[in-house]
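S.K.: Here it is: the structure, laid out below.
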Amino acid sequence: MATFLSREVCPTIKNILLLDSEGKRVAVKYYSNDWPTNSAKLAFEKSVFTKTQKTNARTEEIAMLENNIIVYRFVQDLHFFVTGGDDENELILATVLHGFFDAVTLILRNNVEQREALENLDLILLCLDEIVDGGMILETDGSIIAGKAATNSNMDDGASLSEQVNVKWLYAFFPFLGRTVCFGRRE
Amino acid sequence: MAQPLVKKDDDRDDEEYSPFLGIEKGAVLQEARVFNDPQLDARRCSQVITKLLYLLNQGETFTKIEATEVFFSVTKLFQSRDIGLRRMVYLMIKELSPSADEVIIVTSSLMKDMNSRTDMYRANAIRVLCRITDGTLLTQIERYLKQAIVDKNPVVASAALVSGIHLLQTNPEIVKRWSNEVQEAVQSRAALVQFHALALLHQIRQNDRLAVSKLVTSLTKGTVRSPLAQCLLIRYTSQVIRESGVNTQTGDRPFYDYLEGCLRHKAEMVIFEAARAITVLSGVTTRELTPAITVLQLFLSSSKPVLRFAAVRTLNKVAMTHPMAVTNCNIDMESLISDQNRSIATLAITTLLKTGNESSVDRLMKQITNFMSDIADEFKIVVVDAIRSLCLKFPLKYRSLMNFLSNILREEGGFEYKKAIVDSIVILIRDIPDAKESGLLHLCEFIEDCEFTYLSTQILHFLGNEGPKTSDPSKYIRYIYNRVILENATVRASAVSTLAKFGAMIDSLKPRIFILLRRCLFDNDDEVRDRATLYLNTLGGDGSVVETDKDVKEFLFGSLDIPLTNMETSLKNYIQNPSEEPFDINSVPKEVKSQPLVEKKAPGKKPTGLGAPPTGPTSTADTYERILSSIPEFTSFGKLFKSSAPVELTEAETEYAVNVVKHIFDRHVVFQYNCTNTIPEQLLENVFVIVDASEAEEFSEVGSKPLKSLPYDTPGQTFVAFEKPEGVPAVGKFSNMLRFTVKEVVDTSTGEAEDDGVEDEYQLEDFEVVAADYMVKVGVSNFRNAWESMGPDFERIDEYGLGPRESLAEAVSTVINLLGMQPCEGTEVVPSNSRSHSCLLSGLYIGNMKVLVRLSFGIDASKEVAMKLAVRSEDENVSDTIHDIVASG
C-alpha cells in the first residue's frame, strides 16, 4: 500500500494517444491498468474523441473525463492527447504533450498530418518510447526526443554525434521550434 | 496548406494512400520470414517490424505460438549493425513481453549492448532488459546498472534510474542496495537525471520518515535544476509538513517559506505546484493562503487554457473551505464564464456561486443559463446544488433563482439531475415563505410532463401538504386531476391521496373533490379504487357518518409513528403465525432500533403502504415534534416553539455519550437527553437523569420519562419536563446526573444480560437555558420592507462597547450567536480588512413575536469594537429584552 501511495506522489502519465480525424488510432500507448482490455481502451478513446471533437485546439486545451485530466492539441487531421489522474499537476501533463507534439512536428518535418504520420510510424513509436517509460516521464524536450528517435540509420557507432547533427539540422530548418519548447517558463 | 480541406471531402481516396491499407496479420507474419535471411535487408526488416507494431497498436493480438515465432526471428536481427533497426528490435521485444525461458535468448545480446560504446544502445538495452528480466538475472546485471546510474551520459543514467523505479516494485531488496549511487545521481548536473534520481531515492526511503525529512531539508536549501524535480520536492515537502503536524505555537509552519519561495520560481509548473500545495495544507491560515491565491489569480487571465483550468480548478477547491479568500478573484472568474473551454467555464461558475455576493446574482444567473446546455449532467447537479445554497444565503433573490431552476427543470436531463432540481425547489419552498406559491406552480407544471414516477409521486405528496395552505388552492386541482387521467397506477393513486388532502383541509372545495374522487371509483387499478373509496368514506363523501375532522386530518397528514423496520418484523411474525384475529397496529413496538434519530427517514404516510412515496426531505424539527407528540405526558404542552441544537454533556470517547436537546414550549421546556451506551459488556436499564434546577429559579420540574433499557450502541432518549412562567424567557443553569441500573451482558453477540443489576450514576456536565433558546431563526426575504412595515413604534436603539476583539468578523458572529437570530441577505459575512460592518438579523421570539435587528459595528486601530443596536418588534417588552440579552452577554 505504501509503495502504491508513493507511486502516486510521482507525476504519472496514464496514456498518450495520437488519433486521426475520425477518432481512429494512429499510435497509442497506455501506461496504466485503468483500461485493462482493448475494448475498454477503444471506449475511452471514443469518449475522449467525442468530448473534445467540437473544440478547436490549435494550442493546448484541457478537459476532464472520468476523473482523468486530458490535455490535447489538434493539428490538421491529427489529434494529440495526454492523460493523467485527476490530482495530477495539469502543467506537467501539458509539458509532456508539448514535448510529444514538438517531436512529432520535427520528425514529420513540419508536415503534421495523418498520412505523413503513418508513413513515419516507426519514428513516432520510437518517440512515444522516449517520452514516457511505464508512466514515468523520461524526457519532455521535443527536439531531444525527436533527436533520439530519428537517429540516422546509415550511421553505425558514434550515434550520439549524429544526434547532435540531426538536431542542428532540424533547428536550421525550423527555427520557430526553439520557442515552443520553452513551455513552462514565465513570459 | 489547402490540402486537408480537399481531403476531407474524399476520405476514401485518402485512405488508399495509407501505407497500412489492407494490412492483414497472416500476411505480415509471412513477411516476417525476412528476419531469417542470411543477407539481412535492414530497411525491409524495419518496415516489417513497423507493420507488426502497427497491428499490435491497433489492438490485434498474437497467439502464443505466433508471438514465440516472431520473438525468435526478431532475435536474429541483433546481427545487424543498423541503429534504426536495432531500435525497432528493442521496441518489438518490449511489446512482445517474452516469457522467462525466452528471455535467456536475448539476455547475452542485450548485455553486450549494455556495454557498447554507443550511448543510445546502452540506454535502450538497460530499459529493455530491466523490463523483461526477473530477479535471478537482475543480480547478474546489478553491477552494470549501478555503474549506469552514475554514468556521465544523462540518457544512460536516466534509463537506469527509471528502470530502478520500476524494479523497486518487484525486487525492492536489490534496488535498495543502490542508494549510494542514487544519492550521487541526485547531485547530477543534468536536469532530468536529478528528477529521476530524486524520485527513486524517495521511493527507497519512503518508509523512513526521518530520512525523508532529512532529504527534504537538504534539498530545499540546495539547488534543484529541473522544474519536474522541483515539483517532486514540493510534493515531498508537503508530505513532511503533513506528517510533522501542527508545529510550534509560534504559528510558523516548517518549510512554508520554501513553498512560498517556489511561488516565485521561473517555471509555471513549479509555481502552480507550490500554490496547490499551500492551498491543501491542513488548517491553512488566510495569511499563508494569500500569496498562493495571488499567483493563481494571475493564471486566471493567462492566454493558455491549461493554466486557466489549473488555476480555476484549484480555486474552486479552496472556495469550499475558504470562500472569503477567493472573493478577490471574482472579477477574473466572471470573465471566465464565457471561456471557450466549457470545463473552465463550469468551474468558474461553481466557484462564483460559492463566493458571490448578492449584487452579482442576477448577472451570474443570466450567464449560467447560456451554458447549462453545454455541460454534462454531473456538472449540472453541482451547479444546481450551488444555486440552492446561494438562494438560501440570499433569500431576496429567490425570484431569479427559482426561475432559473424551473427553466432547467423543463429541459432535457436524467433522473439524478431532475431529482436534484426538484429537491432544491422543495427546500426553497420550505425555507423561503415568499417562494412557496411560485415554486408549487413550477412543480405542477413539471409533473404535467414528467417521465419519472418517483418524482411525480414525491411532488404530489408535497403538493398535498403545502397546496391547501396557499391563498388559492383550487388552481392546483386541475394539475392533480390531470394525473388521475393521464398517468400510471402509482402516480394515479398518489394523486387520489393528494385530492383527498385538499378535500379535508378546505371545506369549500369538498363537493367538487367528491365528484372527482367518485370518478376514480371506476379506475382499472385496485389501489386507486381502494384509495378513492377509503377517502370518500373518511371525508363523508358518500353521505355516511363523518368522522371528526381532527381524526380525518390526522389520518391524512399524520405520519406513521411506527418505525418501518419494526412494522415489517411484526407483519412477518403475523404471517408466520396465522390467527383469526386481525393485525393490531398498536402491537408494533414504537422504540427505534439502531438508527440515530436525526437520520431516520420519514415513514410512509399510510398503513396500506403501497404507493405511499417517501416524503420530501424532513427537517429535524419535524422529527422532534413527532417524538414529543408521541409521549402522552407532553401532549398538553401545546405547540413546540423551538428545539435547540444538541449540546454535548459528556466528553468524546467516554463510557456513556449523552447530549441534550432543549425543547421550548410556551409554558414548558422539555430536555431530551440522547444517550448512547458505548460498553458492549453492559446493558443499562431504567435510565433517567436527575436534574438539579437550584440555579434556575423560575423552573419547576413537572415530569420525566425514563428510558426502559439502553443496550450497547443503540441510542435512546429520556426526557425531563419543566414548567416556567408563560411567555417569559426564563434562563438558568441545570446540573445533571445520569442514573441507571447496570447489568452485565453474558453474551455480547445476542445482548443477553444477567438478571441482577447494580444501581449506578454518572455525572454529566451542566448546561444552561439562555435567551437565544427562545428565538427562532426566521429569515425575511426583503429586510428593508419588513423593517419599514414594522414601524418605529417599538424601536429601541442603544450603543455598546464590546471591548477589544480579535477581529470584526469574530465580534459579528459572537453577537449573532448570542441573539440566535437569522442573518439576512448574507450580511453575516464580513469582508476582510473592513473597518465597519452592518448586519441585519431577523427572528421570531417566544410568543410568536417578530423581531428585526440592525447591527452596526465599527473597529478602531486598537481592535476596540463598538456596536449600535437597533431593534424593531411587535412589542416593546420584546425590544427591551433583546437589549437585555446583549447587555448581559
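The values are calculated or read from the model by the stated rules, or taken from the named source; none is laboratory data. Since the model is a prediction, treat every value here as computed from it, not as a measurement. All Cβ positions, even for glycine, are placed from backbone atoms using ideal geometry, and neighbour counts span all protein chains on display. Calculation scope for accessible area: heavy atoms of the full protein, side chains included, ligands and nucleic acids excluded. Shrake-Rupley method; radii C 1.70, N 1.55, O 1.52, S 1.80 Å.
S.K.: Which of the peptides A:103-110, B:691-698 is most tightly packed, and how do the rest follow, judged by the mean count of other Cβ atoms within 10 Å per residue?
M.R.: Per-residue Cβ counts within 10 Å, averaged per peptide and sorted highest first, yield A:103-110, B:691-698.
S.K.: What is the set of long-range amide H partners of B:His668 at a cut-off below 5 Å, with H atoms built 1.01 Å from backbone N?
M.R.: Answer set, sorted by chain and number: B:Lys724.
S.K.: Computed FRET efficiency, Cβ-Cβ of B:Leu392 and B:Asp756, R0 60 Å: what is it to the nearest 0.05?
M.R.: 0.65
S.K.: At a probe radius of 1.4 Å, figure out the B/A buried accessible area, summed over both chains, and give it in Å² to the nearest 100.
M.R.: 6300 Å²
S.K.: Please name which of A:Leu108, B:Cys675, B:Gly222 has its Cα lying farthest along the dipole of the protein assembly as shown towards the positive end, using unit charges on Cβ (Lys, Arg +1; Asp, Glu -1) and the Cα centre as origin.
M.R.: Positive-most Cα among the choices belongs to A:Leu108.
S.K.: What is the helix-to-structure angle for B:286-300, meaning the angle in degrees between its Cα long axis and the longest Cα principal axis of chain B, kept from 0 to 90 and rounded to the nearest 10?
M.R.: 60 degrees
S.K.: Using the heavy atoms of the protein chains and a 1.4 angstrom probe, tell me the accessible area per residue for chain B in square angstrom.
M.R.: 47 Å²
S.K.: Normalised by the number of residues in the stretch A:15-153, what is the relative contact order in percent for Cα pairs under 8 Å and 6+ residues apart?
M.R.: It comes to 22 percent, rounded to a whole number.
S.K.: Taking each residue in A:119-131, count the Cβ atoms of any other chain within 10 Å of its Cβ, then average. What number comes out?
M.R.: 5
S.K.: log₁₀ I(q)/I(0) of the protein assembly as shown at q = 0.05, 0.07, 0.09 Å⁻¹, via Debye over equal Cα point scatterers, no solvent, to two decimals?
M.R.: Normalising to I(0) and taking log10 leaves -0.49, -0.87, -1.16.
S.K.: Can you pick out the pairs among B:Lys221/B:Lys304; B:Lys354/B:Lys777; B:Lys317/B:Lys436; B:Lys705/B:Lys733 whose Cα atoms lie more than 26 Å from each other?
M.R.: B:Lys221/B:Lys304; B:Lys317/B:Lys436
S.K.: Just going by the charge dipole of chain B, with Lys and Arg at +1 and Asp and Glu at -1 on Cβ, which of B:Cys130, B:Met402, B:Val865 is farthest out on the positive end?
M.R.: B:Cys130
S.K.: Taking 8 Å as the Cα distance limit and 6 or more residues as the minimum spacing, I'd like the relative contact order of chain B as a percentage.
M.R.: Contact order relative to length: 5 percent.
S.K.: I would also like to ask the following. From other protein chains only, count the Cβ atoms within 10 Å of every residue's Cβ in B:194-201, then give the mean.
M.R.: So the per-residue partner count for this stretch is 3.
S.K.: Something else: Residues with amide H under 5 Å of B:Phe767's amide H, sequence separation 5 or more or different chain, H placed in the peptide plane at 1.01 Å from N; which?
M.R.: B:Phe734
S.K.: Per residue of the stretch B:64-76, in order, report the coupling 6.51 cos²θ - 1.76 cosθ + 1.60 (Karplus, θ = phi - 60°) as ³J(HN,Hα) in whole Hz, putting x for Gly and Pro.
M.R.: 4, 5, 4, 4, 4, 4, 4, 4, 4, 5, 5, 4, 5
S.K.: Return the FRET efficiency for the residue pair B:Thr741, B:Ser587: r is the Cβ-Cβ distance, R0 is 35 Å, and the value is rounded to the nearest 0.05.
M.R.: 0.85
S.K.: Kindly provide the pair-distance distribution of the stretch B:441-508 built from C-alpha pairs, with 5 Å bins from 0 and whole-percent values in order of increasing distance.
M.R.: Bin by bin from 0 Å, the calculated values are 3, 20, 35, 25, 12, 4, 0.
S.K.: Provide the per-residue ³J(HN,Hα) series for the stretch B:315-323, in order, calculated from phi with Karplus coefficients 6.51, -1.76, 1.60 and θ = phi - 60°, each as a whole number of Hz, with x at glycine and proline positions.
M.R.: My calculation for the stretch B:315-323 gives 5, 4, 5, 4, 4, 5, 9, 10, x Hz in order.
S.K.: What is the mean number of Cβ atoms from other protein chains located within 10 Å of the Cβ atom of each residue in peptide B:46-57, rounded to a whole number?
M.R.: Across B:46-57, the average partner-chain Cβ count within 10 Å equals 3.
S.K.: Separate question: Using the beta-carbon distance between A:Lys46 and B:Val702 and R0 = 60 Å, what value does 1/(1 + (r/R0)^6) give for FRET efficiency, to the nearest 0.05?
M.R.: E(calc), rounded to 0.05, equals 0.25.
S.K.: Set Lys and Arg Cβ to +1 and Asp and Glu Cβ to -1, take the dipole of chain B about its Cα centre, and tell me which of B:Gly413, B:Tyr144, B:Phe452 lies farthest positive.
M.R.: Selected residue: B:Tyr144.
S.K.: How much mean residue ellipticity at 222 nm does the protein assembly as shown get from its helices, if each DSSP H run of length 4 or more adds -39500 (n - 2.57) and you divide by all residues, to the nearest 500 deg cm²/dmol?
M.R.: -16000 deg cm²/dmol
S.K.: Sticking with this structure for a sec: For chain B, find the longest principal axis of its Cα atoms and tell me its angle to the long axis of helix B:876-888, 0 to 90°, nearest 10.
M.R.: 50 degrees
S.K.: Among the aspartates and glutamates, select those whose C-alpha is under 15 Å from the C-alpha of B:Lys868, and discard any that sit fewer than 8 residues away in the same chain.
M.R.: The reachable aspartates and glutamates, counting only those whose Cα sits under 15 Å from B:Lys868, are B:Glu795, B:Asp798, B:Glu799, B:Asp860, B:Asp880, B:Asp884.
S.K.: For the stretch A:62-131, which GluC sites (Glu not before Pro) are both in a DSSP coil and crowded by at most 15 other Cβ atoms within 10 Å?
M.R.: Those satisfying the criteria are A:Glu66.
S.K.: Quote the charge dipole size of the stretch A:15-153 about the Cα centre in Debye, to the nearest 20; the model charges only the Cβ of Lys and Arg (+1) and of Asp and Glu (-1).
M.R.: 400 debye
S.K.: Roughly how many debye, to the nearest 20, is the charge dipole of chain B about its Cα centre, given +1 on each Lys and Arg Cβ, -1 on each Asp and Glu Cβ, and no other charges?
M.R.: 4620 debye
S.K.: Anything losing 50 Å² or more of accessible area from the isolated chain to the full protein assembly: pick those residues out of the stretch B:203-242, probe 1.4 Å, ligands and DNA/RNA ignored.
M.R.: Buried by 50 Å² or more upon assembly, which counts only protein chains, are B:Gln206, B:Leu228, B:Arg235.
S.K.: Cα to Cα, under 15 Å, and not fewer than 8 places away if on the same chain: which aspartates and glutamates meet these conditions relative to B:Lys214?
M.R.: Of all the aspartates and glutamates, those that pass the test against B:Lys214 - Cα under 15 Å, at least 8 places apart if same chain - are B:Glu243.
S.K.: I'd like to compare A:15-26, B:215-226: which one has the highest average count of other Cβ atoms within 10 Å, and what's the full order after that?
M.R.: Per-residue mean Cβ counts within 10 Å order the peptides as A:15-26, B:215-226.
S.K.: When Lys and Arg each count +1 and Asp and Glu each count -1, what net charge do the other residues less than 10 Å away from A:Tyr31, Cβ to Cβ, add up to?
M.R.: Once positives and negatives cancel, what remains is 0.
S.K.: Sticking with this one: For the protein assembly as shown, with only Lys/Arg (+1) and Asp/Glu (-1) charged at the beta-carbon, what is the dipole magnitude about the Cα centre, in debye rounded to 20?
M.R.: That gives a dipole near 4120 debye.
S.K.: Tell me the Rg and the Dmax, in Å, that the Cα atoms of the stretch A:15-153 produce.
M.R.: Considering the stretch A:15-153 through its Cα atoms, Rg and Dmax are 13.8, 42 Å.
S.K.: Turning to a different aspect of this structure: How many times 2.2 N^0.38 Å is the alpha carbon radius of gyration of chain B?
M.R.: My calculation over the Cα atoms of chain B gives 1.28.
S.K.: In the full protein assembly as shown, how much of B:Met324 is accessible to a 1.4 Å probe, in Å² to the nearest 10?
M.R.: 80 Å²
S.K.: Show me B:577-588, B:759-770, B:89-100 ranked by packing, highest mean number of other Cβ atoms within 10 Å first.
M.R.: Packing proxy ranking, top to bottom: B:89-100, B:759-770, B:577-588.
S.K.: With θ taken as phi - 60° and the coefficients 6.51, -1.76 and 1.60, list the Karplus ³J(HN,Hα) couplings across the stretch B:116-128 in order, rounded to whole Hz; mark glycine and proline as x.
M.R.: Ordered by residue, 3J(HN,Hα) equals 5, 7, 7, 4, 4, 4, 4, 4, 6, 4, 4, 5, 5 Hz.
S.K.: Can you tell me the 0 to 90 degree angle between the C-alpha axis of helix B:377-393 and the longest principal axis of chain B, rounded to 10?
M.R.: Compared with the principal axis, the helix lies near 40 degrees.
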